[in-house]
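The values are calculated or read from the model by the stated rules, or taken from the named source; none is laboratory data. In this text, all values refer to a predicted model and were calculated from it rather than measured experimentally. Ideal geometry is used to build each Cβ from the backbone, glycine not excepted, and the neighbour counts take in all protein chains shown.
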Amino acid sequence: MATNVKKKRRINPALLAHGGMDIPFLCFVLALLTIGLIMMFSASYTYCYYNYGGDSLYYFKRQFFFAIVGIIAMFVASKFKVEIYKVAATPLLAVSYLLLVVVLFVSPPPGFEEFHRWITIPGITTFQPSEIAKLAIILYLAMHIGEHYKGINSNEIMQVRNFRMPVRTYCFLLYVAIVGVACVLVYLENHVSGTLLIFALGLMMMWFAGFDYRIFVIGIVLVVAAAVIVVLNPDILPAHAQPRILAWVDKDYDPRGVRWQTNNALYAIGSGGLFGVGLGNSKQKQLYVSEPQNDFIFSIVCEELGVIGAAVIIILFVLLVWRGFYIAIHTKDKFASLLAMGLSFQVGLQASLNIAVVTDVLPNTGISLPFFSYGGTSLMMLLFEMGLILGISRTANIKRS
């Protein structure tokens, strides 16, 4: 008698990446994630106790949940061949543009009426479309540069409608347009730091492509000139950003207002000394540093773990970025190599800018510290991106221990 047996559906083996993932890179990711979760809890429990009905674990529970989901996403992403993500590059870029437009018409949260940065999925989470845009731009540029790398670095000519032009010219104009549109949309959100990050990521991806270095010299000169103009004339910025520039230039400006967070962060860093006051013993997190679990969490790290603890964390970030570039260099596929370099650079750039802001080297721009700052969806996306690099490492020509 015949019986109906349902066959278990399996993933097509042709889609899966073979070989072992890079263990050093994985260890750096897990080390930063673990330390980040511990410090996020330590920095946030007092704030949560007074603002969430005595629930000191409010932020930690949410962050831990997204960390678990992110780790699962990281390992799943690492199992698929990187060519699959190449197919998703163009649709993801289109979706990111759509979300950047939609968010401009979404009502911002109470107390943030000037900022159109967040889209809320009721009952689930809130996310920033700019986070998706960063990944989309890196992914698309890696895909397009990989396909036209030889043309960009030669005198190859291509036909564009009725015009003939060098491939490098066409690609340069295309990339400037892609990054420029994203920067304009993010700037309209009143998200200056996000605009700077996307601009820097686009610029660096174009550097990886091999465009003439003189273009970047001109670009850097223009950026420096623009920064000088802004510092000397802060009134040209949006209203919310003007006081931040004034407070950065004049350290005595509005100490109970705009300078409050920065000043207390510096007090925290200074009081930590060489070895710190001990995990959980920060005084500045007792409602002095505003929302210490977010952009200024590094100041609490310095206070509790001291210079040595902070140095260890910085070294871990450096090692993570170095290993990401090491994987990229040892990858034969140009798209995979560019993707790994772009994602690694993003982590290093964001960590560097956050630490520069916390230490008052740069104006307060609201840049989060990867793996540390509170933000569930951004953490989940970051871990997914690390999974892409781990997937690339499976096929990289790296000696396995």
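Which of (1) touching a helix residue (DSSP H, G or I) at 6+ places or on another chain (Cβ under 7 Å); (2) free of Cβ contacts under 8 Å to residues at least 40 places away in the same chain; (3) crowded, with 16+ Cβ neighbours inside 10 Å; (4) not basic (K, R) is the odd one out, the single condition Y45 does not satisfy?
(1)
Please go through the stretch 88-108 and pick out each residue that is free of Cβ contacts under 8 Å to residues at least 60 places away in the same chain and of a type in the set (S, T, N, Q).
Let us first name the residues in the stretch 88-108 that are free of Cβ contacts under 8 Å to residues at least 60 places away in the same chain, namely 88-92, 94-95, 98-99, 102, 105-108.
T90, S107 - these are the residues of the stretch 88-108 that are free of Cβ contacts under 8 Å to residues at least 60 places away in the same chain and of a type in the set (S, T, N, Q).
Report yes if some residue within the stretch 77-91 is assigned to a helix (DSSP H, G or I), out of contact with any helix residue (DSSP H, G or I) (no Cβ under 8 Å at 6 or more places or on another chain) and either farther than 18 Å from A340 by Cα or among the small types (G, A, S) (or both); otherwise report no.
Yes, because at least one residue in the stretch 77-91 is assigned to a helix (DSSP H, G or I), out of contact with any helix residue (DSSP H, G or I) (no Cβ under 8 Å at 6 or more places or on another chain) and either farther than 18 Å from A340 by Cα or among the small types (G, A, S) (or both).
Let's see how each residue does on (1) assigned to a loop (DSSP other than H, G, I, E, B); (2) buried (at least 24 other Cβ atoms within 10 Å of the Cβ); (3) free of Cβ contacts under 8 Å to residues at least 24 places away in the same chain:
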{"site": "N281", "(1), (2), (3)": "yes, no, yes"}
{"site": "L287", "(1), (2), (3)": "yes, no, no"}
{"site": "V307", "(1), (2), (3)": "no, no, no"}
{"site": "I314", "(1), (2), (3)": "no, no, no"}
{"site": "L320", "(1), (2), (3)": "no, yes, no"}
{"site": "L339", "(1), (2), (3)": "no, yes, no"}
{"site": "F371", "(1), (2), (3)": "yes, yes, no"}
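Give the residues of the stretch 259-279 that are closer than 16 Å to L305 by Cβ, buried (at least 18 other Cβ atoms within 10 Å of the Cβ) and in contact (Cβ under 8 Å) with a residue 40 or more places away in the chain, sorted by residue number.
Residues satisfying the conditions are A265, I269.
A quick yes/no check of all residues on (1) under 18 Å from the mean Cα position of the chain (by Cα); (2) at pLDDT 95 or above:
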| position | (1), (2) |
| --- | --- |
| V87 | no, no |
| L99 | yes, no |
| L139 | yes, yes |
| E147 | no, no |
| L188 | no, no |
| S193 | yes, no |
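Taking the conditions exactly as written (at pLDDT below 95 and under 21 Å from N51 (Cβ atoms)), does P363 satisfy them or not? Walk me through it before giving the result.
Values: at pLDDT below 95: yes; under 21 Å from N51 (Cβ atoms): no.
Criteria not met by P363.
Conditions (1) at pLDDT 95 or above; (2) among the aromatic types (F, W, Y), marked per residue:
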residue: W260; (1), (2): no, yes
residue: S271; (1), (2): no, no
residue: V289; (1), (2): no, no
residue: L305; (1), (2): yes, no
residue: A310; (1), (2): yes, no
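Given A268, A336, A328, which one is among the aliphatic types (A, V, I, L, M) and touching a Cys at 6+ places or on another chain (Cβ under 9 Å)? Quick ask: steps written out before the conclusion?
Working: A336 fails: touching a Cys at 6+ places or on another chain (Cβ under 9 Å); A328 fails: touching a Cys at 6+ places or on another chain (Cβ under 9 Å).
Matching residue, one of A268, A336, A328: A268.
Against the definition (polar (S, T, N, Q), closer than 23 Å to Q128 by Cα and out of contact with any Gly (no Cβ under 8 Å at 6 or more places or on another chain)), how does T169 come out, yes or no? Don't jump to the end; show me each part of the working.
Values: polar (S, T, N, Q): yes; closer than 23 Å to Q128 by Cα: no; out of contact with any Gly (no Cβ under 8 Å at 6 or more places or on another chain): yes.
Here the answer is no, as T169 does not meet what is asked.
Filter the stretch 341-362 down to the residues that are buried (at least 22 other Cβ atoms within 10 Å of the Cβ), in contact with a helix residue (DSSP H, G or I) (Cβ under 7 Å, 6 or more places away or on another chain) and farther than 25 Å from M206 by Cα and list them by number.
Listed by number, the list holds a single entry, V358.
When you scan the stretch 66-87, how many residues do you find that are surrounded by fewer than 14 Cβ atoms within 10 Å (Cβ to Cβ), in contact (Cβ under 8 Å) with a residue 60 or more places away in the chain and either of a type in the set (F, W, Y) or more than 16 Å from G146 (Cα to Cα) (or both)?
Looking only at that region, the number is 1.
Table: residues versus (1) more than 29 Å from K334 (Cα to Cα); (2) aromatic (F, W, Y); (3) surrounded by 21 or more Cβ atoms within 10 Å (Cβ to Cβ); (4) touching a helix residue (DSSP H, G or I) at 6+ places or on another chain (Cβ under 9 Å).
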position	(1), (2), (3), (4)
L93	no, no, yes, yes
V102	yes, no, no, yes
T120	yes, no, no, no
E147	no, no, no, yes
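When you scan the stretch 178-195, do you find a residue that is in contact with a helix residue (DSSP H, G or I) (Cβ under 8 Å, 6 or more places away or on another chain), buried (at least 19 other Cβ atoms within 10 Å of the Cβ), farther than 20 Å from T365 by Cβ and of a type outside the set (A, V, I, L, M), even just one?
Within the stretch 178-195, none of the residues are in contact with a helix residue (DSSP H, G or I) (Cβ under 8 Å, 6 or more places away or on another chain), buried (at least 19 other Cβ atoms within 10 Å of the Cβ), farther than 20 Å from T365 by Cβ and of a type outside the set (A, V, I, L, M).
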